[in-house]
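So the structure is just underneath, and the comments pick up after that.
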Amino acid sequence: MNLKKFSVTLLSIGISISSFALSAKEHPNLILTEPGVERIRANLGQVPLFDESLARIKREVDVEIATGIDTPIPKDFSGGYTHQRHKLNFFTAQKAGVLYQVLEDEKYAKYIRDMLFQYEAMYKDLPLHPQERSYARGKLFWQCLNDSNWLVYMSQAYDAIYDYLSESERDKLETNLFRPFADFISLENPQFFNRVHNHSTWGITAVGMIGLVMDDEELIQRALYGIEDDGLEVGGKDNDGGTIKVEGQRKGFFANLEEPFSPDGYYTEGPYYQRYAMYPFLILALAMENNRPEMKVLQHKNNVLLKGVNALLNLSDADGEFFPINDGQKGMSYYTSSLVSAVNLAYFYGDKNPELLSIVEKQGQVLIDESGLAAAIGVRDGEAKPFTKKSINLSDGIDGKQGGIGILRYGNEDLTLVFKYAAQGLSHGHYDKLSYSLYEKGDEVLQDYGLARFVNIEQKGGGNYLKENTTWAKTTIAHNTLSVNEKKHFNGSYDIASQHHSELFTFDAEKDNVQVVSATESNAYPGTSMHRTMAMIKDESFEKAFLLDIMRVKSDSKNQYDLPYYFMGQVLDMNFAYDSPKVLRPLGEDNGYQHLFVEGKGNGVNGNSKFSWLGNGKYYTLTAVTDNDDELLFTRIGANDPEFNLRRDASLLLRRNAKDTLFVSVIEPHGSYGPVTELSQNSKSNIADLNVVVDNKNYTGVTITDLAGNQQLFIIANDNASKTAKHSLKVNGKKYSWTGPYFYQ
């Protein structure tokens, strides 16, 4: 290294030479370290879960070595052979590096070396990827995002065999492959690199990781703080319609760590992309911890990365599958490899929380590094305790003041409500303020559709986002929330939506018999405000906990209001008449309505309309306060979908024309059906009457009367969320007094 030149570089960016040790680097120094590798070798054969994990990756890598190295000329989207081959190469190389360090078998180093030199030979003449869909085309892959994936993993492989290579070999790889690669995804693609987004996190981590291996201070600083003068214009868009560049926007690793994460560890894009981004976030933070511990990158923003792991685990259902908030593929869970890494690292670098070990046990594998070894030893020694997910309110936004996600859980996830009152969520956000989904154990009762994409399935749009993600999945009517005049929230404008968020009114999960989350939204529709209160109630008169939903709407004008219930299961019965059309037609022409077939239409019942369905061997009943002027429509997704890109899921939609109005309903789980025993138990609703007993600017009160005549009363104070405020109200001739924003008896 040219020490004089290095000193000048440091001084030019305002960093004292004394800040960093300038001694020769030892390798490996990213995720694996020499002392860590020695501890791993010393414990081989003594820690079953670790040994099994090591044996598994050895089998995988040995198969690839026997198959031979293939670095084809890129041509495919996600899911195609060339895409999948290059993806498998970087995964395999990283694992081979771990095996070389732990087992000291030269064949793994030789495999990585030979692969890297094949890439070195092809990269200098490699044009941009032939597929032109991305806003930032890669070279090996159709987008820079995947090129960055490659470099994140290949940096670790290179680090593992750094000392195995000769100086001339290292110089050739760094000059012809790694440095040009890092410059390409950063300097040549600032619209990708210089932003706050999960894409950029991968690019930043890639540049930072290879910079650390090469001891290239310029690349390290570029990763941490971004490109100072990127020449970008304000207002560019990415593939998903998100704004690429905002004037004055911060950039680099610290900006991506600061802005999308709330102090609670919630990532504004939602759990699906938090899961995806956690790996590069944690890997670069750990690499910095191993190389620049004085910068405390891993501990930045009050340990927000470690908090993020806890937040992610809490954003999953009873089966460990992440709630599909914003763009999210259903079925993605904490069994994914990125969460194996996250849980191991959170355990080792956090407070050794024994509850995390129960997740490790379920995952059935660990990282082959010090954190994985520590977790596996904890499991071996019987230190694991159950990870109990409780009700939690996760704030959104850099300061935790841009809305959030409220999760109410009863019992051992017997009933779980996911209530979204968050910020837009960057380009992956949906237009669904005050929406919710409901689960019984791991089964969806009322669903959030998730994304419209078949990830890595080549036959479906090259595995990329489909146009229906915009025309359906992101729309308001696709969610269990209120649509006004068949328009999307914020009229579907990303830039407007990004300026606003809903406001938490109250969250209380301290009581055994009632938990409440309530929030308001006043910007989604100009001149119309919404206040939604959801109460999870368990009363001894009912077999199971149920959900009370109160949506209060105030408007300057008369509107058409649509409130859908995307139920999961088979229709059983209802107490209202309806007609089924002979020819199915779409419900509307735009904003998602064009994708809904109308399968039945009827009118509400004066008092209560009731609808029951059977899903996953359990019964559910919707009881809603209605009158004869309300419309009830059975709809099914699938209209204007000639390529069958959408699931044919159903909903019951409550439509009302009014100015100010109040929607009140109860979702009541009850009973069960066994297909083997053919035994049906408690298949009918226990609610005799759901009634609004007061509704004014100060209070809304609802009574729930069961079949035995027992009555419950719930009151929400509409304009005073103070937990210390005292209230007094007469209902049906009886006076009720209480403290706080709501009353339940």
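The number of residues in the range 336-365 that are out of contact with any Phe, Trp or Tyr (no Cβ under 6 Å at 6 or more places or on another chain) and crowded, with 22+ Cβ neighbours inside 10 Å comes to 10. Applying the criterion of being surrounded by fewer than 24 Cβ atoms within 10 Å (Cβ to Cβ) and among the aromatic types (F, W, Y) to the residues of the range 151-180, the residue that is nearest to I227 (Cα to Cα) is Y153. When you check T677 against the structure, is it modelled with pLDDT of 95 or more and closer than 30 Å to E589 by Cβ, yes or no? In short, no. Pairs linking a residue in the range 75-94 that is acidic (D, E) to a residue that is modelled with pLDDT of 95 or more, with Cβ atoms under 7 Å and 6 or more positions apart or on different chains, are D76/T82; D76/H83. Take the conditions (1) modelled with pLDDT of 95 or more; (2) over 27 Å from G211 (Cβ atoms); (3) outside any helix (DSSP H, G or I); D351 misses just one of them, which is (1). The single condition among (1) modelled with pLDDT under 95; (2) touching a His at 6+ places or on another chain (Cβ under 8 Å) that L145 does not meet is (1).
Can we say G406 is out of contact with any strand residue (DSSP E or B) (no Cβ under 9 Å at 6 or more places or on another chain) and modelled with pLDDT of 95 or more? So that I can check it myself, show each step before the final result.
Numbers: out of contact with any strand residue (DSSP E or B) (no Cβ under 9 Å at 6 or more places or on another chain): no; modelled with pLDDT of 95 or more: yes.
The answer is no for G406.
Within the range 144-176, the set of residues being part of a loop (DSSP other than H, G, I, E, B) and touching a residue at least 24 places away in the same chain (Cβ under 8 Å) comprises I161, Y162, D163, Y164, L165.
Under the condition of being within 39 Å of the chain's Cα centre (by Cα) and at pLDDT below 95, the residues counted in the range 727-744 number 0. Is it the case that K389 is touching a helix residue (DSSP H, G or I) at 6+ places or on another chain (Cβ under 8 Å), over 23 Å from T205 (Cβ atoms) and touching a residue at least 60 places away in the same chain (Cβ under 8 Å)? Against the criterion (touching a helix residue (DSSP H, G or I) at 6+ places or on another chain (Cβ under 8 Å), over 23 Å from T205 (Cβ atoms) and touching a residue at least 60 places away in the same chain (Cβ under 8 Å)), K389 qualifies.
Among the conditions (1) closer than 30 Å to L128 by Cβ; (2) at pLDDT 95 or above, the only one that R56 does not satisfy is (1). Report yes if some residue within the range 512-519 is surrounded by fewer than 22 Cβ atoms within 10 Å (Cβ to Cβ), free of Cβ contacts under 8 Å to residues at least 12 places away in the same chain and either within 18 Å of D396 (Cα to Cα) or out of contact with any helix residue (DSSP H, G or I) (no Cβ under 6 Å at 6 or more places or on another chain) (or both); otherwise report no. No, the conditions are met nowhere in the range 512-519.
Within the range 620-667, work out how many residues are hydroxyl-bearing (S, T, Y) and under 29 Å from the mean Cα position of the chain (by Cα). Steps first, answer last, please.
Step one: list which residues in the range 620-667 are hydroxyl-bearing (S, T, Y), which gives 620-621, 623, 626, 635, 651, 661, 665.
Next, only the ones that are under 29 Å from the mean Cα position of the chain (by Cα) stay: 620, 635, 651, 665.
Here the count works out to 4.
So if I check each of G397, G372, G378, G382, which one is at pLDDT 95 or above, more than 20 Å from the chain's Cα centre (by Cα) and at positive phi?
G382
Look at E599 and say whether it is more than 18 Å from D627 (Cα to Cα), surrounded by 15 or more Cβ atoms within 10 Å (Cβ to Cβ) and of a type in the set (D, E). Answer is yes for this residue.
State all residues of the range 511-524 that are modelled with pLDDT of 95 or more and more than 26 Å from the chain's Cα centre (by Cα); if no residue qualifies, say none.
Passing the criteria: K511, N513, V514.
Does the range 650-673 contain at least one residue that is of a type outside the set (F, W, Y) and free of Cβ contacts under 8 Å to residues at least 40 places away in the same chain? There is no residue in the range 650-673 that is of a type outside the set (F, W, Y) and free of Cβ contacts under 8 Å to residues at least 40 places away in the same chain. Restricting the range 416-444 to residues that are among the basic types (K, R) and within 16 Å of V517 (Cα to Cα) leaves a set whose member that is surrounded by the most Cβ atoms within 10 Å (Cβ to Cβ) is K433.
Tell me, please, whether a residue that is in contact (Cβ under 8 Å) with a residue 60 or more places away in the chain and part of a strand (DSSP E or B) can be found in the range 715-725. Give the steps one after another, and end with the answer.
At the first step, the residues of the range 715-725 found to be in contact (Cβ under 8 Å) with a residue 60 or more places away in the chain are 716, 718, 721, 723.
With part of a strand (DSSP E or B) added as a condition, the list becomes 716.
Yes: one or more hits.
Within the range 311-335, restricting attention to residues that are surrounded by 19 or more Cβ atoms within 10 Å (Cβ to Cβ) and either among the aromatic types (F, W, Y) or assigned by TED's automatic domain parsing to the domain that holds I405 (or both), the residue that is nearest to K433 (Cα to Cα) is F323.
Filter the range 186-200 for residues that are in contact (Cβ under 8 Å) with a residue 12 or more places away in the chain and assigned to a loop (DSSP other than H, G, I, E, B); which is surrounded by the fewest Cβ atoms within 10 Å (Cβ to Cβ)?
Initial filter on the range 186-200 (in contact (Cβ under 8 Å) with a residue 12 or more places away in the chain): 186-187, 189-200.
Restricting the remaining residues to those that are assigned to a loop (DSSP other than H, G, I, E, B) gives 187, 189, 194-197.
Values: L187: 14, N189: 22, N194: 27, R195: 29, V196: 22, H197: 24.
Looking at the filtered set, the residue picked out is L187.
Cβ-Cβ distances below 6 Å connect the following pairs, each with a first residue in the range 328-345 that is free of Cβ contacts under 8 Å to residues at least 40 places away in the same chain and among the β-branched types (V, I, T), a second residue that is in a loop (DSSP other than H, G, I, E, B) and surrounded by fewer than 24 Cβ atoms within 10 Å (Cβ to Cβ), and a separation of six or more residues or different chains: V340/Q365.
For residues that are touching a Phe, Trp or Tyr at 6+ places or on another chain (Cβ under 8 Å) and surrounded by fewer than 20 Cβ atoms within 10 Å (Cβ to Cβ), scanning just the range 657-670, find the one that is nearest to V514 (Cα to Cα). Per the criteria, the residue is T661. The number of residues in the range 575-606 that are farther than 30 Å from N469 by Cβ, in contact (Cβ under 8 Å) with a residue 40 or more places away in the chain and not hydroxyl-bearing (S, T, Y) comes to 2. Among the residues of the range 71-96, the ones that are within 26 Å of I31 (Cβ to Cβ) and not small (G, A, S) come to 13 in all. Considering the range 451-484, the residues that are polar (S, T, N, Q) and under 20 Å from the mean Cα position of the chain (by Cα) include one that is farthest from H83 (Cα to Cα), namely T481.
The values are calculated or read from the model by the stated rules, or taken from the named source; none is laboratory data. As the structure is a computational prediction, the values presented were derived from the model and not from experiment. Please note: Cβ atoms are built from the backbone with ideal geometry, for glycine as well, and neighbour counts cover all protein chains shown.
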